[in-house]
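Colleague: The following block contains the structure, expressed as structure tokens.
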Amino acid sequence: MENKQPERKIEARSIWKTNKAYLFIIPGLLVFFVLNLYPIIFSIYLGFTDAYFGNITGKYQFIGLRNFEKLLFSGDTRFYYVLGRTFLFVATSVPLKVLFGLALAVLFNLQTIKGRSVLRSLLILPWTLPAVLSILTWRGLFYYDFGAINGILQAIGLPRVNWLNDATNAFVAYNIVEVWLAYPFMMTVILAALQSVPLELHDSARVDGASAWQRLRYITIPLIWRPLLFGIVLTSGASFQAFMVPYLLNSGGPANQNELVMVWGYKQAFQNPGVYGSMGLAAAFFVLVSLIILAFSYAGLKLGKITVE
Amino acid sequence: MALTRKLKITIIIAIIVVAGIATYFLWPKSARADVIVWIQVLPEEEQFIKSFVNSSFRQIYPNITVEILNRADLKTALLAALPTGKGPDLFMWAHDWIGTIAEPGYVTPIDEFVTEELRSKFLDAAWDACTYNGSVYALPYAAETVALLYNKDMVSEPPQNMSQLEDMIISFWNQGKYGIAYPVDPYYVSAWPHGFGGYYFNDTTKTPGLNTTGTINGISYFLEKFQPYMSADTGRDAQVALFTGNQTPFLVDGPWGIGYLKELNMNFGITTLPKIDEIDAWPKPYTGIKVIWMSSSVYDKQKAFTFMKWFATNEAFIKQRALQFGFIPVLKEVLELPEIQADEIVSTFAKQVEMGIPMPKSSEMALVWTPITDAINELFLLYPNFGDRTPEVVLSEAQGKALSALAEHQG
């Protein structure tokens, strides 16, 4: 009987503790509901309507699955083309970003490099610049007649490249800019992981006669694999959603041949405000695209066993 | 007593929060201006407009406060703001938006202020551009279209017809220059399909005409005459840079680019797009009327209209704007001024406007812009190796897209 009292006290205190925690996350939850959850639900709903600029104030109507049907089965293969182009971009830009980030991280983790911390900070610069500024500067560099890149090519006796008005070259340009924008992220993630790899492992491998490549392949990579995969999943998401790079470089051109999902959806919804049902169609499009990204991210995380059970 | 780390952090957070709240409540709130106007112009023109408003308008109407915001993202901003009723009181855009924004009621008619005297001040075509379904929605203040600009240091006499222009283009091309700078965009290109009797969209019958013989011939003609002698960068900024960098003697552009060329002190001349001598017809570019609209969320209709009227009818303002920035006035009394008639740029643009075709007003035109833009871009890239994607095929496909979008719109 005497024991009851303190037990209840502990219970009450722990309830207060948990409730207090709820109290503290209320502001965060509110922000999430108003700024994230509501727009998400509203966008999904818009996908089932004929909304456009002219009726978005509330006069739009529910039209069931018509938008989805139009995207997937209308015989207009644009949806598949844009999706295919985007997958291609993910498939090219992600390995480039990872390799570039990995190479730099390994390099700057070497004890023998002097002034590592200064160099590292400099390399993170692209991350700190506003992306719009970086991309517009790149566009200037890619100009056919005045761009610095063609200037350099000419100076060393090579022909000029039509960067922005040729579908393949523009696609290469997207990759270059995407790598420039994203390698600091990959580098930072990998560097952090590398620093947790115990030096003793390398030392003992070295004693056993392992080459630098063998140490990277059999010690470093397996040990940093999980954070690396996590970085890959995140950066794949970023590539999938690339908007500013294609839009600012040449609006997904030339002649829309490099339209990636975000650019197509944006143009659909906002380019020609008078187009009936355009916002509904764009919303439906983004619902499908989100499902695809979700599936891929989940598969990636599962594959790497990163999800917390 | 040394403060604990926790306490220090708490104090810092508390200071930030209190400072934030205090700033919000104590910061002197500037009262809302009577009239808020959104514009999209080059910086030098913005300065000009603001100083004129501050001196001239203030003097006549000291009791009306006006706030002018120059927005680089005007179109996007209006698309977001108009439906929510959070837009400006007044804003400027070309007249072709009228159907798109008047039908859903985002702009308000100004019929109650319109008098015969006001109406008679403007050119008929300009006034017509402001009316939709029998109501007046805006006041016109300028006209615009594209004409042929040439570098006087490279070309002494402008070409009289297309054969002459073609010869000049080829001769500069052979000297290692570009023949011409020409932004590849359906608005800029429209002169040629119209010259050949084609059209993008018929505003009366509300039908697209992308696969008509005239449109196909006009676009093919444009490609044949210009594409081989142009730079691969077809966007406007790159094309203008070629002209200002003396890489080409010719540029097709509108009044909106004149202020910049003047600022660079370029020695340039202007002429109308040359006659197509092969078929004895003139190219007819699309023309736009720049108008000032009143949004339906207007704060004080009377005051807003007062500013609108001043903006569109103040003689000194319109005249100065025309002379300085190449604006083509649509106010009759300004057009008759000797300084305006003697100005080469304004008078040539005015002549080109007379020869042009007004952009359609129907909201359905929006369904045609995307297919024709895509078609022209594709053909420009392919030329001259079309393969099976000939102009006939590509433009018929564009027509099909426009028709099905139209059917959906109506159905």
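The values are calculated or read from the model by the stated rules, or taken from the named source; none is laboratory data. From a predicted model like this one, the values you see are computed outputs, not experimental measurements. Using ideal geometry, Cβ is built from the backbone for each residue, glycine included, and neighbour counts are taken over all protein chains shown.
Colleague: Just the residues that are more than 10 Å from chain B (Cβ to nearest Cβ), part of a loop (DSSP other than H, G, I, E, B) and surrounded by fewer than 17 Cβ atoms within 10 Å (Cβ to Cβ), please, taken from the stretch A:46-62.
Modeller: A:Gln61
Colleague: Still on this structure, I have one more. Within the group A:Tyr266, A:Tyr276, A:Tyr247, A:Tyr218, which residue is more than 20 Å from the chain's Cα centre (by Cα) and surrounded by 16 or more Cβ atoms within 10 Å (Cβ to Cβ)?
Modeller: After applying the criteria, what remains is A:Tyr276.
Colleague: Right, another one. Based on this model, can you work out whether A:Leu229 counts as surrounded by fewer than 22 Cβ atoms within 10 Å (Cβ to Cβ), more than 14 Å from chain B (Cβ to nearest Cβ) and either without any contact (Cβ under 8 Å) to a residue 12 or more places away in the chain or under 23 Å from A:Arg66 (Cα atoms) (or both)?
Modeller: The answer is no for A:Leu229.
Colleague: Sticking with this one: I'd like the full set of residues that are facing chain A (nearest Cβ under 9 Å) and either under 24 Å from B:Glu103 (Cα atoms) or modelled with pLDDT under 90 (or both), limited to the stretch B:369-403.
Modeller: B:Trp369, B:Thr370, B:Lys401
Here is a yes/no grid of residues against (1) touching a His at 6+ places or on another chain (Cβ under 8 Å); (2) in the same structural domain as A:Ser251 (by TED's automatic domain parsing); (3) more than 30 Å from B:Gln239 (Cβ to Cβ); (4) not hydrophobic (A, V, I, L, M, F, W, C):
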| site | (1), (2), (3), (4) |
| --- | --- |
| A:Val106 | no, yes, yes, no |
| A:Gly115 | no, yes, yes, yes |
| A:Ile124 | no, yes, yes, no |
| A:Pro130 | no, yes, no, yes |
| A:Leu141 | no, yes, no, no |
| A:Tyr144 | no, yes, no, yes |
| A:Leu153 | no, yes, no, no |
| A:Met186 | no, yes, yes, no |
| A:Ile190 | no, yes, yes, no |
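Colleague: Could I ask something else about it? Looking at (1) closer than 20 Å to A:Asn272 by Cβ; (2) over 17 Å from the mean Cα position of the chain (by Cα); (3) more than 14 Å from chain A (Cβ to nearest Cβ); (4) not hydroxyl-bearing (Ser, Thr, Tyr), find the lone condition where B:Leu82 falls short.
Modeller: Single failed check for B:Leu82: (3).
Colleague: Sort through A:Leu136, A:Leu129, A:Leu119 and tell me the only one that's away from chain B (no Cβ under 13 Å), over 19 Å from A:Gln195 (Cα atoms), surrounded by 10 or more Cβ atoms within 10 Å (Cβ to Cβ) and modelled with pLDDT under 95.
Modeller: Matching residue, one of A:Leu136, A:Leu129, A:Leu119: A:Leu129.
Colleague: Hey, among B:Leu264, B:Leu273, which residue is aliphatic (A, V, I, L, M), more than 11 Å from B:Tyr150 (Cβ to Cβ) and modelled with pLDDT of 95 or more? Break it down stepwise before answering.
Modeller: Numbers: B:Leu264 fails: modelled with pLDDT of 95 or more.
Of the residues listed, the single one that is aliphatic (A, V, I, L, M), more than 11 Å from B:Tyr150 (Cβ to Cβ) and modelled with pLDDT of 95 or more is B:Leu273.
Colleague: Which one is nearest to the other protein chains (Cβ to nearest Cβ) among residues in the stretch B:222-232 that are in a helix (DSSP H, G or I) and within 25 Å of the chain's Cα centre (by Cα)?
Modeller: Restricting to residues being in a helix (DSSP H, G or I) and within 25 Å of the chain's Cα centre (by Cα), the top hit is B:Gln227.
Colleague: Pull up the stretch A:54-89, narrow it to residues that are of a type in the set (A, V, I, L, M) and under 21 Å from A:Gln271 (Cβ atoms), then point me to the one that is nearest to the chain's Cα centre (by Cα).
Modeller: The qualifying residue nearest to the chain's Cα centre (by Cα) is A:Leu83.
Colleague: Just give me the residues in the stretch A:66-90 being surrounded by 12 or more Cβ atoms within 10 Å (Cβ to Cβ) and more than 14 Å from every other protein chain (Cβ to nearest Cβ), in sequence order.
Modeller: Of everything in the stretch A:66-90, those that are surrounded by 12 or more Cβ atoms within 10 Å (Cβ to Cβ) and more than 14 Å from every other protein chain (Cβ to nearest Cβ) turn out to be A:Phe68, A:Leu72, A:Phe79, A:Leu83, A:Arg85, A:Thr86, A:Phe87, A:Leu88, A:Phe89, A:Val90.
Colleague: Still on this structure, please answer the following. If I ask for residues that are without any contact (Cβ under 8 Å) to a residue 12 or more places away in the chain and assigned to a loop (DSSP other than H, G, I, E, B), which ones from the stretch B:273-329 would you list?
Modeller: B:Asp280 - this is the single residue of the stretch B:273-329 that is without any contact (Cβ under 8 Å) to a residue 12 or more places away in the chain and assigned to a loop (DSSP other than H, G, I, E, B).
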